[in-house]
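Engineer: Before anything else, here's the structure in question.
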Amino acid sequence: MRLDDVIRISFTTATDKKLRFFLNLVGILIGCAAVGGLISVTDGMRHDISDQIMGFGPNVINVYPSNEGYRTPVQLDWRDMRIIESIDGVENASPMNFGGTCAYKAHGQYYYSSVTGVSENYFQISGAWKLLEGRYITRNDKGVAVVTESLVQPFGVDEPLYEIGDRVKVTYIRGGQEYQYTFRIIGIMTNSASGMGSQSSASMYIPMSAFEQMYETDGVIHLIKLCTKEINQVPIVADKIREKLGYVDVWTMEMSMANLNNVLNTMKAVLGGIAGLSLIVAGVGIINTMTVSIMERTKEIGTMKALGAKSMDIMKMVMSEALLTGVVGGIIGALFGFTLSYIISHFSDIPSASSPSLGILIVGFAMITCVLSGLQPAWRASSLNPVEVLRHE
C-alpha cells in the first residue's frame, strides 16, 4: 500500500467519524492550550522580572553585614565604606540606611512613606530611577529629599500634593518616641525598573547626614551599594570584598538572576506538568476510542488484508490517524494557548512570551502523545487474522 493511500484513508476515516475525531481533538487541544498558555505566561514573567533586576545595573554589588557565626551582630561602618572604595575596580560606592515608615500630612489626610539615607553617589550607581523633575542629592545638601512620584501624588489622589521646592514635614519613630523632621523636595523620580503594571511605592531619599541626625545611627551603615567599572570585574571585586571584610554577605545581580531562574524553572515545571496531565488523559481517551474504532472496522481491515494489504500497512494506517489528531490538535491548541496568554497579559498586565520554538515543541509533544496512544490499537489492528475476521463477520 502506497503512502498516499494510507494518508487518504486516514483523512477519510477522520471525516467519516467526525464526532469521534472531534472528541479526540478536544482532549489534545485542551492539553496543548494549557501547556502553551502557562509556559508563555511563566516565560513572560521571567523576562519582565529579569529586566527589572538588570535595570538596577548588571555591574552593581550589594554588601550586607553578616551575622552568621557571630554571637553579637556584625555591623558595617564608614571604615568599611572607605575600604570598599579603595578596592581596584570599584567605580562608585554609596552607603544606604533604612529608617522604616514615616507619616506625612497633606490636606488633612495622613500618608506614609519609607525613608532611606544615601550619599550623592547612590543615583549614579542605581539604574532603577528616572528623574522626572528637579535634581538629585549633592555632597553639600542637608535637609533635602528626592521623592518618588507616588509620594507626591499617592494612588487615588487627583492632583499632586507637592511640587519642587515645597517642604514636607514627616513624623517618624525613634526609640519608641515620635519625632518630626522637615525636608525640602529637590527632585521627583519614578522607578524605571517597575514592571507588570506595578507602581513604585512612596519613598523618600535623603542625605546620610540628615538620616544620621534623625535616627542617631552613630556611624552604622545598613548596606553598601557599589558598582564596578566593567561588568567582568564583578566577581573579582566581590571576592576582594569578602577577603578584606570577611564578615559580610556580598550579593550581585547575577546571583539574583540565578535565584530567579531556579524559582521560575520550578514553577514552570510544576505548572507544565499539571497541564501535561491533561495530555496524558487525552492520550488514554485516544487509546479507548481507537480501540473501539478497530473493533468496529474488523471486517474492513480483514478485507484489506485479504486483498494484499500487509500488517505494516494496517499499522501505518492506524498510526497516521493518531498522528493526524496530534498535528491538528497540537497546532490549534498552541494557537489557542498563545491567544489565551495574550488576553491574560492584556487585561492583567502579566506579561507573556510566546515563540515559534515553543509552538513547535507543543505540536511535537502532541504528536508524540498521540503516536504512543495509537501504538496499542495499531498493533491490535495489524495482528488481525483476515480468515478469522471474515469468517466471524
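The values are calculated or read from the model by the stated rules, or taken from the named source; none is laboratory data. What you are looking at is a predicted structure, and each value in this text was computed from that prediction instead of being measured. Backbone-built Cβ (ideal geometry, glycine too); neighbour counts: all protein chains shown.
Engineer: Under 34 Å from the mean Cα position of the chain (by Cα), aliphatic (A, V, I, L, M) and over 30 Å from SER352 (Cα atoms): is that true of VAL234 in this structure? Steps first, answer last, please.
Structural biologist: Values: under 34 Å from the mean Cα position of the chain (by Cα): yes; aliphatic (A, V, I, L, M): yes; over 30 Å from SER352 (Cα atoms): yes.
So VAL234 fits the description; yes.
Engineer: While we're here: When you look at GLY57, is it at pLDDT below 90 and touching a Cys at 6+ places or on another chain (Cβ under 7 Å), yes or no?
Structural biologist: yes
Engineer: Mind listing whichever residues of region 150-179 are over 37 Å from the mean Cα position of the chain (by Cα), within 20 Å of ARG135 (Cβ to Cβ) and hydroxyl-bearing (Ser, Thr, Tyr)?
Structural biologist: Passing the criteria: none in range.
Engineer: Return a yes/no flag: does region 360-367 have any residue that is assigned to a loop (DSSP other than H, G, I, E, B) and either polar (S, T, N, Q) or closer than 29 Å to SER50 by Cβ (or both). Please lay out each step first, then the result.
Structural biologist: Taking region 360-367 as the starting set, the residues that turn out to be assigned to a loop (DSSP other than H, G, I, E, B) are none.
The answer is no, given that none of the residues of region 360-367 is assigned to a loop (DSSP other than H, G, I, E, B) and either polar (S, T, N, Q) or closer than 29 Å to SER50 by Cβ (or both).
Engineer: Hey, another quick one. Exactly one of (1) more than 26 Å from the chain's Cα centre (by Cα); (2) under 30 Å from ASP77 (Cβ atoms); (3) surrounded by 17 or more Cβ atoms within 10 Å (Cβ to Cβ) is unmet by LYS244. Its number?
Structural biologist: Failing condition for LYS244: (3).
Engineer: Mind checking whether some residue in region 99-107 is part of a loop (DSSP other than H, G, I, E, B) and in contact with a His (Cβ under 8 Å, 6 or more places away or on another chain)?
Structural biologist: Scanning region 99-107 turns up no residue that is part of a loop (DSSP other than H, G, I, E, B) and in contact with a His (Cβ under 8 Å, 6 or more places away or on another chain).
Engineer: With the requirement that a residue be under 34 Å from the mean Cα position of the chain (by Cα), assigned to a helix (DSSP H, G or I) and small (Gly, Ala, Ser), what does region 294-353 give you?
Structural biologist: Within region 294-353, GLY326, GLY329, GLY330, GLY333, ALA334, GLY337, SER341, SER345, SER348 meet the criteria.
Engineer: Condition (residue is within 30 Å of the chain's Cα centre (by Cα) and either touching a residue at least 60 places away in the same chain (Cβ under 8 Å) or not assigned by TED's automatic domain parsing to the domain that holds ALA33 (or both)) applied to region 208-219: is it met by at least one residue?
Structural biologist: no
Engineer: Additional query: Among the numbered conditions (1) in contact with a helix residue (DSSP H, G or I) (Cβ under 6 Å, 6 or more places away or on another chain); (2) modelled with pLDDT of 90 or more, tell me where THR138 comes up short.
Structural biologist: Just one mismatch for THR138, condition (1).
Engineer: Let me ask another. Would you say PHE365 is of a type outside the set (D, E, K, R), at pLDDT 80 or above, within 31 Å of the chain's Cα centre (by Cα) and in the same structural domain as LEU307 (by TED's automatic domain parsing)?
Structural biologist: Here the answer is yes, as PHE365 does meet what is asked.
Engineer: Follow-up question, since we're still on this one. Kindly indicate whether GLY100 is surrounded by fewer than 20 Cβ atoms within 10 Å (Cβ to Cβ), touching a residue at least 40 places away in the same chain (Cβ under 8 Å), of a type in the set (Gly, Ala, Ser) and at positive phi.
Structural biologist: yes
For every residue, the table says whether it meets (1) at pLDDT 80 or above; (2) charged (D, E, K, R); (3) not assigned by TED's automatic domain parsing to the domain that holds ALA381.
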{"position": "GLY246", "(1), (2), (3)": "yes, no, yes"}
{"position": "LEU271", "(1), (2), (3)": "no, no, no"}
{"position": "ALA275", "(1), (2), (3)": "no, no, no"}
{"position": "VAL284", "(1), (2), (3)": "yes, no, no"}
{"position": "THR298", "(1), (2), (3)": "no, no, no"}
{"position": "GLY308", "(1), (2), (3)": "no, no, no"}
{"position": "ILE314", "(1), (2), (3)": "no, no, no"}
{"position": "SER341", "(1), (2), (3)": "yes, no, no"}
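Engineer: Could you look through region 201-222, keep only residues that are surrounded by fewer than 18 Cβ atoms within 10 Å (Cβ to Cβ) and over 19 Å from LYS142 (Cα atoms), and pick out the one that is modelled with the highest pLDDT?
Structural biologist: HIS222
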